[in-house]
């Protein structure tokens, strides 16, 4: 029994894209404005899904367009609008709170160990010695 060979791109059919977002045939360069107001571009190959983003962001659309045309002079450039990505802000206060709690626990543990050791030393000195001879005078 031999395994049936899979056709190229077989996993694409598992989650078909909506027709409105399906890319056009052939390689292209996409140009867009990001959430910060800068312009970016990326080369998109059609055969194997290659995506090569530009290595910088540009202040104006014209700068980004000139850079994309210089990098890929015969590839068509399409301006696209990308939806704003929802990004979670990294919050620092939970980490600081956790660090402060661990530091407080460590400080309390050190203080308790010190108190216990000090109490043992004091009580050992006060206890009379057990055993044979009494101290000589």
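The values are calculated or read from the model by the stated rules, or taken from the named source; none is laboratory data. In this text the structure is predicted, and so the values were computed from the model without any measurement. Here the Cβ is made from the backbone with ideal geometry for all residues, glycine too, and neighbour counts use every protein chain on show.
Quickly run through the range 30-50 and pick out the residues that are within 14 Å of residue 61 (Cα to Cα) and in contact with a strand residue (DSSP E or B) (Cβ under 8 Å, 6 or more places away or on another chain).
30, 31, 32, 33, 34, 38, 39, 40, 41, 42 - these are the residues of the range 30-50 that are within 14 Å of residue 61 (Cα to Cα) and in contact with a strand residue (DSSP E or B) (Cβ under 8 Å, 6 or more places away or on another chain).
Of all the residues that make up the range 61-78, how many are part of a loop (DSSP other than H, G, I, E, B) and either modelled with pLDDT of 95 or more or surrounded by 15 or more Cβ atoms within 10 Å (Cβ to Cβ) (or both)?
Within the range 61-78, the first condition is being part of a loop (DSSP other than H, G, I, E, B), and the residues that meet it are 72-76.
Applying the additional criterion that residues be either modelled with pLDDT of 95 or more or surrounded by 15 or more Cβ atoms within 10 Å (Cβ to Cβ) (or both) yields 72, 75.
The qualifying residues number 2.
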